[in-house]
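The values are calculated or read from the model by the stated rules, or taken from the named source; none is laboratory data. Just so you know, these numbers come straight off a predicted model, no measurement behind them. All Cβ positions, glycine included, derive from the backbone under ideal geometry; neighbour counts span all protein chains shown. These area figures cover heavy atoms from the full protein model, side chains too; ligands, DNA and RNA do not enter into them. Shrake-Rupley method; radii C 1.70, N 1.55, O 1.52, S 1.80 Å.
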Amino acid sequence: MKKYQTVAEKIKERIIAGQYKPQSLLPNQSELAKEFGVSKITIKNALDRLAHEGLVYKKSGMGTCVLGIAPMLGRHDSSVDSISGLTAQQGSEHVSSKVIKFDVAFPSEDICQKLNLKSNDPVYKIIRLRLLDNEPFILEHTYMPVGLVPNLSKDVLEHSVYSYIHHELGIRFGGAYRKIHAAKPDEYDLKYLGAAQDTPILEVEQILWTVNGGNIEYSRARNLYDARSYTVVEISD
């Protein structure tokens, strides 16, 4: 677990225990950095993570305010605008991956449009089952340009692709467009998620781009309707 994740978990524990009460201000970033023995950027990243979870929010001119534990928030829920990836969200000790399909091919017209590619630009075609505490959780159908993500391997796919992209390739994400909708189960959902023929599926369609503007991923992440929700926290100053 990274330093900012460890710090975020410790602050979260304090919020849950009531040490930091709702509507109170957290210690400032300098104080937290000194207490935890980390840099201010690590504290910022930890607070950003907690803000994504809806536990705190930054109040202009004042600091970081505690919201507390939202009664609707589930343990496995994700912020709708989080681009940190499942491993970063849930912890590598809880997440594992099973590679179902891993091929290189030329993209279809639809994938060319979504990733802004030419028809002769090769892409990885990936299907992964993400397991949470060894239980099927999310089924990912992913396309990535080979030119932007070189040397992708099965070993990487069995761990964290985003960690490889960030730390091995030095690529930063700029943002994502997402569409969340209900779907009927397909053959993969039946086989790998344990869905029945009439089980609703929640699908998150995503196009992810880098800080340089290149589309690096098109994916469809599918889970059983009651396995995970996606949350939005809206703060009005």
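Per residue, the chain exposes 55 Å² of solvent-accessible protein surface, assessed with a 1.4 angstrom probe and all protein chains in place. Protein heavy-atom surface of the chain, 1.4 angstrom probe: 50% of the accessible area is carbon and sulfur, with nucleic acids and ligands not counted.
Most mobile of 215, 223, 28 per a Gaussian network model of the chain (Cα springs, under 10 Å)? It is 28.
A DSSP coil position with no more than 14 other Cβ atoms inside 10 Å describes the following chymotrypsin sites (Phe, Trp or Tyr not before Pro) in segment 153-231: 225.
Note on residue 196 and residue 60: the extension gain reaches 44.1 nm, defined as 0.36 nm multiplied by sequence separation minus the Cα-Cα distance. Averaging the sequence gap over all C-alpha pairs within less than 8 Å and six or more residues apart, then dividing by the number of residues, gives segment 179-237 a relative contact order of 29 percent. Ordering of 38-51, 14-27 by packing is 38-51, 14-27, highest average first (other Cβ atoms within 10 Å, averaged per residue). Excluding residues on the same chain fewer than 8 positions from residue 10, give the aspartates and glutamates whose Cα lies under 12 Å from its Cα. Qualifying aspartates and glutamates at Cα under 12 Å: 35. Computed over the alpha carbons of segment 1-70, Rg followed by Dmax gives 10.8, 32 Å. Dividing the alpha-carbon Rg of the chain by 2.2 N^0.38 Å yields what? Computed over Cα atoms of the chain, the ratio equals 1.09. Here segment 43-59 and segment 1-32 have alpha carbon centers that stand 9 Å from each other. Per-residue Karplus couplings for segment 58-63, computed as 6.51 cos²θ - 1.76 cosθ + 1.60 with θ equal to phi - 60°, are listed in order as 8, 9, 3, x, 10, x Hz, Gly and Pro entered as x. With R₀ fixed at 35 Å, the C-beta to C-beta distance from residue 14 to residue 226 puts the FRET efficiency at about 0.70.
Converting phi to 3J(HN,Hα) with the Karplus coefficients 6.51, -1.76 and 1.60 and the offset θ = phi - 60°, segment 185-192 yields x, 10, 5, 5, 4, 5, 7, 9 Hz in sequence order, with x at every glycine or proline. The longest part of the chain holding none of the exposed loop GluC sites (Glu not before Pro), meaning those outside H, G, I, E and B in DSSP with at most 15 other Cβ atoms within 10 Å, is 1-92. Placing unit charges on the Cβ atoms only, positive for Lys and Arg and negative for Asp and Glu, gives the chain a dipole magnitude near 640 debye about its Cα centre. Only DSSP H runs of four or more residues enter the estimate; each adds -39500 (n - 2.57), and after division by the residues of the chain the mean residue ellipticity at 222 nm equals -6000 deg cm²/dmol. Heavy-atom accessible area for residue 201, with the other protein chains in place and a 1.4 Å probe, reaches approximately 0 Å². When the trypsin sites (Lys or Arg not before Pro) in segment 140-194 are filtered for DSSP coil states and for at most 12 other beta-carbon atoms within 10 Å of their beta-carbon, the remaining sites are 172.
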